[in-house]
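Written below as structure tokens is the structure these notes are about.
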Amino acid sequence: MRILLTNDDGINAPGIQALWRELAAIGDVTVVAPDSERSATSQSITVHHPIRVDQFCIEDPPLCAWRVGGTPTDCVKMAVEALLPAKPDVVVSGINQGANMGTDVLYSGTVSAAIEGALHGIPSIAVSLATSKPADFGPAAVFARKLVLTLTERTLPPDTLLNVNVPPLPADSLTGVEVTRLGVIEYENTFERRQDPRGRIYYWMGGSLKDSGNEEGTDVMALKKGKISVTPIHFDLTNYGIIKLIEEWNLAT
């Protein structure tokens with residue numbers, strides 16, 4: 001089995017390295033990942049300057065990868081269309097340090113890399129550990145390995161990927177796995193006005209999470225209950241339910 005592994009935290013991140021070692025036990029893993037953190041880059045691609053690529057290796061165990069000066073989406077595009085001799089069987093993005101749930105998936109570089117895999121017709125998953133603090137990526141990596149093996153035996157519909165969020169708990173404290181829908185993530189954003197040494201104004205964005213009252217069946221609620229959330233996502237953003245309504249606006253000239 002040929003596995004393409006990427007992320008948005010960068011090739012040095014502990015999450016991708018934990019997953020790298022776990023997946024190497026079940027297939028031929030090729031890592032093509034950003035050279036530094038590219039969080040919240042969504043589906044962006046690099047078109048206005050060259051994309052630098054070089055090799056990157058770790059010693060224990062000895063593993064080598066492609067290090068890319070671009071976004072997670074760049075990484076998958078380059079891997080499939082330029083770097084790999086054959087299309088991978090599975091694309092895995094992660095393990096991200098921090099959750100990617102609800103409406104946050106629209107901003108996530110981790111999820112967007114998996115979307116790019118699905119756009120190429122490859123079964124794809126995005127995996128995130130729901131904490132920003134130092135944590136054990138082992139349980140998330142083990143679950144990802146199990147899910148990758150399952151994908152080799154099952155078929156996802158076209159244009160669909162699986163978004164996985166894992167609570168930051170020991171394996172024996174996880175309360176199960178739930179197939180979920182996307183919840184809602186909202187922030188109370190702040191924009192701090194600052195001035196650089198040359199007198200130019202800039203803003204630094206921050207924010208805190210708001211309680212959005214997510215219901216049972218959402219990824220947000222599953223995490224609160226200590227469950228691993230698996231959410232099928234597709235990227236046809238058409239709101240089919242209101243096509244007839246818009247047609248009634250009689251927009252034709």
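Can you find even one residue in region 14-29 that is aromatic (Phe, Trp, Tyr), closer than 30 Å to Met221 by Cβ and surrounded by 15 or more Cβ atoms within 10 Å (Cβ to Cβ)?
Checking region 14-29: not a single residue is aromatic (Phe, Trp, Tyr), closer than 30 Å to Met221 by Cβ and surrounded by 15 or more Cβ atoms within 10 Å (Cβ to Cβ).
Taking Asp74 as meeting all but one of (1) assigned to a helix (DSSP H, G or I); (2) surrounded by fewer than 24 Cβ atoms within 10 Å (Cβ to Cβ), write down the number of the exception.
Among (1) assigned to a helix (DSSP H, G or I); (2) surrounded by fewer than 24 Cβ atoms within 10 Å (Cβ to Cβ), Asp74 violates only (2).
For region 115-147, name all the residues that are farther than 22 Å from Leu209 by Cβ, part of a strand (DSSP E or B) and of a type outside the set (A, V, I, L, M).
Across region 115-147, the qualifying residue is only Ser124.
Within the set of pairs 6+ apart or on separate chains, which have a first residue in region 7-25 that is without any contact (Cβ under 8 Å) to a residue 60 or more places away in the chain, a second that is of a type in the set (Asp, Glu) and not in a helix (DSSP H, G or I), and C-beta atoms under 8 Å apart?
Pairs that qualify, where the first residue is without any contact (Cβ under 8 Å) to a residue 60 or more places away in the chain and the partner is of a type in the set (Asp, Glu) and not in a helix (DSSP H, G or I), are Gly10/Asp35; Gly10/Glu37; Ile11/Asp35.
Within region 225-253, which residues are surrounded by fewer than 10 Cβ atoms within 10 Å (Cβ to Cβ) and either in contact with an Asp or Glu (Cβ under 8 Å, 6 or more places away or on another chain) or under 27 Å from Ala144 (Cα atoms) (or both)?
Listed by number, the residues that qualify are Asp236, Leu237.
Taking only region 40-71 into account, find how many residues are in contact with a strand residue (DSSP E or B) (Cβ under 8 Å, 6 or more places away or on another chain) and either of a type in the set (S, T, N, Q) or part of a loop (DSSP other than H, G, I, E, B) (or both).
The number of residues fulfilling the criteria is 6.
What do you reckon, is Lys87 surrounded by fewer than 16 Cβ atoms within 10 Å (Cβ to Cβ) and either farther than 28 Å from Pro168 by Cα or without any contact (Cβ under 8 Å) to a residue 60 or more places away in the chain (or both)?
In short, yes.
Of all strands (runs of 3 or more DSSP E) completely enclosed by region 160-253, which ones contain at least 2 residues that are among the charged types (D, E, K, R) and either at pLDDT below 95 or touching a helix residue (DSSP H, G or I) at 6+ places or on another chain (Cβ under 7 Å) (or both)?
186-195
The values are calculated or read from the model by the stated rules, or taken from the named source; none is laboratory data. Since we're looking at a predicted model, the values are computed, not measured. Quick reminder, even Gly has a Cβ in these numbers, built from the backbone with ideal geometry, and neighbours come from all protein chains shown.
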